[in-house]
Amino acid sequence: MKRKEFLKGVGLAGLSVTGLTLLCSCSKDSDTYLLEEEDTNSDADTSSDSSSDLSSSVDTVDDCEVTPSETEGPFPTHDPEDYERMDIVGDRTGIDLDLNITIRNVNDSCNVLEGALVDVWHCDKDGNYSEYGGSGMQSTNYTNNHFLRGRQISNTDGLVEFTTIFPGWYNGRSTHIHVHIYNADGDSLLVTQIAFPEGENSAVVRVNDASEYGYTKGMSGYTYHAQDNVFGDGVEEELANVSGSIDEGFTLTHDIYVNA
């Protein structure tokens, strides 16, 4: 039984995420998840705030399992093959975010997978998606825009890299990024989502407090993982590492496990 299904069965979905032990999918080299640690210095009064805001946790498991699948959501990319690019910012503004996503194959002892097609998409700082809008789900109409969407092919290290901005949030969802992975023939392997660490001094909190960068919502009304309609049943296998600062930008690193 997969760990996420087990968590559903024993009723842990109602617990806060911070109360759960973070588990990481195995690889040939034992992976670690990083938890954000409290930083007493704010970005406003620190001139060289470019260090990681994370500390390591070494909980591991012996099973090599596929990353949980999640809904593609109501805003998938219409023609992802048209947007093979590294820089997906378009005309959006916000705090810099670099995505480093590694694809691993559970059918090869979780070694890296070269040649996978990896699509990513996420909302802008205001919680809006390109290619959609003008409806009850999203009033702002961006049907003729294609920002914050892109495709890359995993290299010999199984890695894809994207340059983007830190996503905002919208009602009912915590901060997240959508990912759809295909094999080299274009057959779908996995649709999933990436979650961001939460906590008092997390990147999510600091970014949403950065009104000078256009993030005007703050955290009032924010949906945390435990109440999120996707991550509420368990988030540990989809939780990324996020490091960096407001001034220098952030870097997200994450491994995704597929059955290829």
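Coordinate-derived values only; no laboratory data. Since the model is a prediction, treat every value here as computed from it, not as a measurement. Here the Cβ positions follow ideal geometry from the backbone for every residue, glycine too, while neighbour counts run over all protein chains shown.
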**Report entry** Euclidean distance of C-alpha centroids, the stretch 240-260 and the stretch 93-138, integer Å
**Finding:** 11
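From the square roots a ≥ b ≥ c of the eigenvalues of the alpha-carbon gyration tensor of the stretch 102-260, which class results: rounded (a/c under 1.5), prolate (a/b over b/c), or oblate? Numbers along the way, then the final one.
Working: a/c = 1.78, a/b = 1.46, b/c = 1.22.
The shape class here is prolate.
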Query raised in the report: By counting other Cβ atoms within 10 Å of each Cβ, how are LYS217, LYS125 ranked from fewest to most?
Result: LYS217, LYS125
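For SER69 and THR93 in one chain, what is 0.36 nm times their gap in residues minus the Cα-Cα distance, to one decimal in nm? Walk me through the numbers on the way to the answer.
On the way: separation 24, 0.36 × 24 = 8.64 nm, distance 2.99 nm.
Extending this stretch completely gives an extra 5.7 nm.
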Query raised in the report: Around PRO80, what is the net charge, scoring Lys/Arg as +1 and Asp/Glu as -1 over all other residues with Cβ under 9 Å from its Cβ?
Result: -3
Query raised in the report: Tally Lys and Arg at +1 and Asp and Glu at -1 over the other residues with C-beta under 13 Å from the C-beta of ASN100: what net charge comes out?
Result: -4
**Report entry** ALA184 paired with ASN171, simple spin-label distance in nm, labels 7 Å along Cα-to-beta-carbon
**Finding:** 4.7
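Taking other Cβ within 10 Å of each residue's Cβ, how do HIS78, HIS180, HIS225 sort, fewest first? Present the calculation step by step, with values, prior to reporting the outcome.
Details: HIS78 13, HIS180 19, HIS225 25.
So the ranking, lowest neighbour count to highest, is HIS78, HIS180, HIS225.
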Query raised in the report: With a 10 Å Cβ neighbour count serving as the proxy for reagent exposure, in which order, fewest first, do GLU65, GLU200 appear?
Result: GLU200, GLU65
Query raised in the report: Each label point is 7 Å from the Cα along the Cα-to-Cβ direction; what then is the distance between the points at GLU212 and ASN111, in nm?
Result: 5.0
**Report entry** Residues ASP157 and ASN259, FRET efficiency given R0 of 25 Å [Cβ-Cβ distance, rounded to 0.05]
**Finding:** 0.80
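For MET86 and SER139 in one chain, what is 0.36 nm times their gap in residues minus the Cα-Cα distance, to one decimal in nm? Walk me through the numbers before you get to the answer.
On the way: separation 53, 0.36 × 53 = 19.08 nm, distance 2.83 nm.
Between MET86 and SER139, full extension yields 16.2 nm more.
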